[in-house]
Ligand SMILES: NC(=O)c1ccc[n+]([C@@H]2O[C@H](COP(=O)([O-])OP(=O)(O)OC[C@H]3O[C@@H](n4cnc5c(N)ncnc54)[C@H](OP(=O)(O)O)[C@@H]3O)[C@@H](O)[C@H]2O)c1
């Protein structure tokens, strides 16, 4: 089968090449992949305080990366669980999405109704579920002020929509005015560049950017409020001034999306089907053009998700 395989000698370190077909375990379905989406983290990787996520550059040649894929079940799970052959599904896993065939556990997929585009569904797993689960961490947000940083990106645009749908007063923070142009239409009550004009007393923050901004948003929390540290796209360190972390209860919480996505994916697919969630596909192309898609993503020129069709 064809897959996007790691090759350290080509642009974006990915090329289409032949590789072995995956062999599904008894609780896995085999999926014919039709569309994939790109995520910041699987490309770039990260070192956490408790482990490491290897980006494409750190994987061996021939490795097939990819977390998000949608397609059609070719072979149902041997243990009888999960959808039958022919079902349209969206899937998540730690690797192997960027291939014509993917073996994936039943616990990491949701069925996609006929009316929903598989490309749109492929945008959901990592970015959508991260936004949903991070927002849940903030508890009951109706009527509360919630700040989303990196709001122009994949996670950010889902967070803005889901926060607004939950009744929060969402403040969307972007790097430049141009990056925030359509966020009010998605439900943002305020769109700000950096943290300009953000009043203190925030109930919660979903932070994708990190760096100096992380220390600043911690200082804007209400008593009892929390920052969910989702990502650090700025790549910069965070420095807290002495005593900035001393005082009444305010939290900075590490966040990891985790696994077992089936239930949350089904929620998001349902919202897509009902038209109350938009996948925010800022770039749609063919998977052979992966290098330019990756370059555009890291140049901060994609409003939302990059989705590639698998031919
Ligand atoms: N913890 C988890 O489980 C989890 C899950 C998913 C994602 N993440 C992390 O969350 C972050 C966001 O992911 P994503 O997929 O939404 O990324 P994305 O689509 O690339 O969006 C990232 C946003 O960060 C902003 N940004 C600020 N400084 C940047 C810089 N120096 N380079 C690039 N972007 C910069 C950009 O907004 P402006 O252009 O407006 O500045 C951009 O829209 C990443 O760090 C990712 O690794 C973590």
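Do we find a residue being loosely packed, with under 15 Cβ neighbours inside 10 Å, without any contact (Cβ under 8 Å) to a residue 40 or more places away in the chain and touching a strand residue (DSSP E or B) at 6+ places or on another chain (Cβ under 8 Å) anywhere in the range 269-285?
Yes, the conditions are met somewhere in the range 269-285.
Which of the residues that make up the range 16-51 are over 18 Å from the mean Cα position of the chain (by Cα) and modelled with pLDDT under 95? Step through it out loud before you land on a result.
Start the filter on the range 16-51 by keeping residues that are over 18 Å from the mean Cα position of the chain (by Cα), which leaves 16-34, 49-51.
Selection gives 49, 50, 51.
Can you tell me which of 9, 79 is without any contact (Cβ under 8 Å) to a residue 12 or more places away in the chain and either assigned by TED's automatic domain parsing to the domain that holds residue 295 or more than 16 Å from the ligand (Cβ to nearest atom) (or both)?
Working: 79 fails: without any contact (Cβ under 8 Å) to a residue 12 or more places away in the chain.
Only one candidate qualifies: 9.
Those residues that are in contact (Cβ under 8 Å) with a residue 12 or more places away in the chain, on the phi < 0 side of the Ramachandran plot and not in a helix (DSSP H, G or I), I need them from the range 118-143; list them, please.
Within the range 118-143, 123, 124, 138, 141, 142 qualify.
Count, please, the residues in the range 199-223 that happen to be touching a helix residue (DSSP H, G or I) at 6+ places or on another chain (Cβ under 8 Å) and more than 19 Å from residue 142 (Cβ to Cβ).
Residues that pass the stated criteria total 2.
Which residues, taken from the range 179-191, are touching a helix residue (DSSP H, G or I) at 6+ places or on another chain (Cβ under 8 Å) and in a strand (DSSP E or B)?
Selection gives 191 alone.
Filter the range 192-225 down to the residues that are within 16 Å of the ligand (Cβ to nearest atom), assigned to a loop (DSSP other than H, G, I, E, B), in contact (Cβ under 8 Å) with a residue 24 or more places away in the chain and closer than 28 Å to residue 47 by Cα and list them by number.
Selection gives 195, 208, 209, 210, 211.
For the range 250-265, state whether one or more residues are in the same structural domain as residue 13 (by TED's automatic domain parsing), assigned to a helix (DSSP H, G or I) and more than 16 Å from the ligand (Cβ to nearest atom).
Within the range 250-265, not a single residue is in the same structural domain as residue 13 (by TED's automatic domain parsing), assigned to a helix (DSSP H, G or I) and more than 16 Å from the ligand (Cβ to nearest atom).
Of all residues in the range 294-311, count the ones that are in contact with a strand residue (DSSP E or B) (Cβ under 9 Å, 6 or more places away or on another chain) and more than 13 Å from residue 119 (Cβ to Cβ).
6
Hey, any hits in the range 289-308 for a residue that's within 15 Å of the ligand (Cβ to nearest atom), under 30 Å from residue 81 (Cα atoms) and not in a loop (DSSP other than H, G, I, E, B)?
yes
Any residue at all in the range 200-220 that's surrounded by fewer than 19 Cβ atoms within 10 Å (Cβ to Cβ), under 26 Å from residue 120 (Cα atoms) and modelled with pLDDT of 95 or more? Talk me through it step by step, then tell me what you get.
If we filter the range 200-220 for residues that are surrounded by fewer than 19 Cβ atoms within 10 Å (Cβ to Cβ), which is where we start, we get 200-201, 211-212, 215-216, 219.
With under 26 Å from residue 120 (Cα atoms) added as a condition, the list becomes none.
Checked the range 200-220: no residue is surrounded by fewer than 19 Cβ atoms within 10 Å (Cβ to Cβ), under 26 Å from residue 120 (Cα atoms) and modelled with pLDDT of 95 or more.
The values are calculated or read from the model by the stated rules, or taken from the named source; none is laboratory data. Bear in mind the structure is a predicted one, so any value in this text is a computation, not a measurement. Cβ: placed from backbone, ideal geometry, glycine included. Neighbour counts: every protein chain shown.
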